[in-house]
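This report refers to the structure that appears directly beneath it.
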Amino acid sequence: MNLTRRRFVQSAALGAAALSLPTFSRAATPVLRLSSTMPSDQNSAHFLFYQRFAENLQQALGDKVRIDFFANGQLGKEADVVQQVRLGSIDMMVTGSSIWATALPELALLDLGFLFDSYAHVAKAVDNGVGDIYNKLLQERTGCSVIGWGSHFSARSVYTKAPIKDLAAMKNVKLRVLPTQAFIETFKLLGAIPTPIAFNEVYTAVQTGVVEGFEHDAASVLANKLDEVVRNCWQTNHLFSPCIAVIGKRGLAKIPADLQPAFIAAARDASIHQRETAKVKGVEAVAALAKSGMTFFPMADSERDATRQLMREKLWVPFTQSNPVTAPVLAAIEASRS
């Protein structure tokens, strides 16, 4: 049993012991609403976190706390949900770290190209200082807390109609990117022409030639049938985006103080379990795309090293200079690099 799991089991035992104490009156069970834009199935990184989290809570606290999962954006668009979590009308959300940069701009550092080498690198960094730094900043700015750091199923890479195998072939390629400055600047440095387009318009944009391709993760390409319009992938693995669970101040306050340690331990264990499952799901997604006819071209190590150095000079360091509080974050990420 690993240390984290052992601590969770210990917290669960304490929670169970607390439940066994006699009481003359019991408050109503706190029911927290957890928002997600993903579906409620095993192909959802968000649902995998929720499923383990709910199981852990049941084991630790019985029926003392309940989490209800609202999938497919039922509670609203992510940007709106961020505000609702801050206000307390929605208790929690599980999402990519990118969206919370609207509330904590310093989080945008995690979206800069080639910052991480793998999801194992992400996990090592967040578990060794990065998570604590961002959680403290978020609490100070918004009152919200990050209670889980997980993974998405695979890194983001470049998918195109015509094959791209190296940086030279990337020159002036019109590529759909997320509409954020971090993504736009990353692909400008790669020589492409970054074109922000809404995700639900990507299929048509590629099909009609508005763009020549896009950057995304393998699981999303597969789930949205985007392999019907592109047949080549340059495996840049330029972004390993963390999956985070955030609870609002009012949401956390619904949980009795003596139950909060077990609640936090349950989320922590769910994150670690989700990371391992997500890794398997990512490998499966790439294999499924390859089976359907997608051709993969791994980025050469020499080009990756040169690109990482370029990103450090042009993006990472300037970002920390503009946002000095993130200098320890970058240092921790670099120290965690294998």
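The residue that is most open to solvent (accessible area, probe 1.4 Å), counting only those in the range 283-328 that are among the basic types (Lys, Arg) and free of Cβ contacts under 8 Å to residues at least 40 places away in the same chain, is Lys291. Every condition in (1) out of contact with any strand residue (DSSP E or B) (no Cβ under 8 Å at 6 or more places or on another chain); (2) in contact (Cβ under 8 Å) with a residue 12 or more places away in the chain; (3) surrounded by fewer than 17 Cβ atoms within 10 Å (Cβ to Cβ) holds for Lys64 except the one numbered (3).
When the residues of the range 86-106 are filtered to those that are free of Cβ contacts under 8 Å to residues at least 40 places away in the same chain and in a helix (DSSP H, G or I), which remaining residue is farthest from Val31 (Cα to Cα)? So, considering only residues that are free of Cβ contacts under 8 Å to residues at least 40 places away in the same chain and in a helix (DSSP H, G or I), the one farthest from Val31 (Cα to Cα) is Thr102. Checking the structure you have, find out if any residue of the range 164-181 is open to solvent by 10 Å² or more (accessible area, probe 1.4 Å), small (Gly, Ala, Ser) and in contact with a helix residue (DSSP H, G or I) (Cβ under 8 Å, 6 or more places away or on another chain). No, the conditions are met nowhere in the range 164-181. Here is a list: Ala71, Ala54, Ala12. Which entry is at pLDDT 90 or above and open to solvent by less than 20 Å² (accessible area, probe 1.4 Å)? None of the others qualify; the one that does is Ala71. Considering the range 215-274, the residues that are among the acidic types (Asp, Glu) and not in a helix (DSSP H, G or I) include one that is most open to solvent (accessible area, probe 1.4 Å), namely Asp217. The residues of the range 77-107 that are surrounded by fewer than 17 Cβ atoms within 10 Å (Cβ to Cβ) and within 19 Å of the chain's Cα centre (by Cα), listed by number, are Lys77, Ala79, Asp80, Gln83, Thr102, Pro105. Given the condition of a type in the set (Asp, Glu), farther than 23 Å from Phe297 by Cα and within 20 Å of the chain's Cα centre (by Cα), answer yes or no: does some residue in the range 210-218 qualify? Scanning the range 210-218, I find no residue that is of a type in the set (Asp, Glu), farther than 23 Å from Phe297 by Cα and within 20 Å of the chain's Cα centre (by Cα), so the answer is no. A Cβ distance below 8 Å, combined with a sequence gap of six or more or placement on separate chains, defines the contacts here; from the range 182-201, residues that are among the hydroxyl-bearing types (Ser, Thr, Tyr) reach residues that are part of a loop (DSSP other than H, G, I, E, B) and open to solvent by 60 Å² or more (accessible area, probe 1.4 Å) in the pairs Thr195/Val210. Residues that are touching a strand residue (DSSP E or B) at 6+ places or on another chain (Cβ under 6 Å) and of a type in the set (Gly, Ala, Ser) were ranked within the range 152-194; the one that is farthest from Asp269 (Cα to Cα) is Ala192. Among the criteria (1) at pLDDT below 95; (2) on the phi > 0 side of the Ramachandran plot; (3) in contact with a helix residue (DSSP H, G or I) (Cβ under 6 Å, 6 or more places away or on another chain), the one Gly88 does not fulfil is (1). Filtering the range 197-213 for residues that are crowded, with 23+ Cβ neighbours inside 10 Å, in contact with a Phe, Trp or Tyr (Cβ under 7 Å, 6 or more places away or on another chain) and not in a helix (DSSP H, G or I) leaves a non-empty set.
The values are calculated or read from the model by the stated rules, or taken from the named source; none is laboratory data. Remember, predicted model here, so these are calculated numbers, not experimental data. Because the Cβ atoms are built from the backbone with ideal geometry, glycine has one as well, and the counts that use them run over all protein chains shown. Heads up: the accessible areas ignore ligands, DNA and RNA and are worked out on the full protein's heavy atoms, side chains in. Shrake-Rupley method; radii C 1.70, N 1.55, O 1.52, S 1.80 Å.
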